[in-house]
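**Student:** Sharing a structure with you now.
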């Protein structure tokens, strides 16, 4: 069982993802914005984070940078409906495990998370 942080301002998707990961036996903490997620990250030992890029207050790229400053090896999967707005070099420079486009294939996301966790 892993402790998963899921961050997305789309509450419907957030709850769907949380339910899926709980079903697969993981503990899940959810957040609707980057600032709140960063506060959770500072207080709780997570194993992996799934982070939406476009969010209010602190976007996913900014959140990823902050987390990587604290823990450079922490695994993060970025998700977005707006992948065309981001340069691949910018995203890859953040040392993330995956950059996935919405709509998500939840089974694929779970498999990616499981593979990342196995490598930890």
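The values are calculated or read from the model by the stated rules, or taken from the named source; none is laboratory data. All values derive from a computational prediction rather than experimental measurement. Heads up, the Cβs are rebuilt from the backbone with ideal geometry, glycines too, and the neighbour counts pull from every protein chain shown.
**Student:** On the given criteria, is residue 100 under 20 Å from residue 9 (Cα atoms), part of a strand (DSSP E or B) and without any contact (Cβ under 8 Å) to a residue 24 or more places away in the chain? It would help to see each step written out before you state the result.
**Tutor:** Details: under 20 Å from residue 9 (Cα atoms): yes; part of a strand (DSSP E or B): yes; without any contact (Cβ under 8 Å) to a residue 24 or more places away in the chain: yes.
Yes; evaluated as a whole, the condition is true for this residue.
**Student:** Follow-up. For residue 66, indicate whether it is surrounded by 15 or more Cβ atoms within 10 Å (Cβ to Cβ), out of contact with any strand residue (DSSP E or B) (no Cβ under 9 Å at 6 or more places or on another chain), at pLDDT 95 or above and more than 17 Å from residue 2 (Cα to Cα).
**Tutor:** Yes: the conditions hold for residue 66.
**Student:** Now for a separate question. Given the conditions (1) within 14 Å of the chain's Cα centre (by Cα); (2) modelled with pLDDT of 95 or more; (3) more than 15 Å from residue 104 (Cβ to Cβ), report the number of the one that residue 4 does not fulfil.
**Tutor:** Just one mismatch for residue 4, condition (3).
**Student:** On the given criteria, is residue 111 part of a helix (DSSP H, G or I) and modelled with pLDDT of 95 or more? Give the derivation first.
**Tutor:** Working: part of a helix (DSSP H, G or I): yes; modelled with pLDDT of 95 or more: yes.
Judged against the criteria, residue 111 is a match.
**Student:** In addition: So residue 18 ticks every box in (1) buried (at least 17 other Cβ atoms within 10 Å of the Cβ); (2) farther than 17 Å from residue 112 by Cα but one. Which box is left unticked?
**Tutor:** (2)
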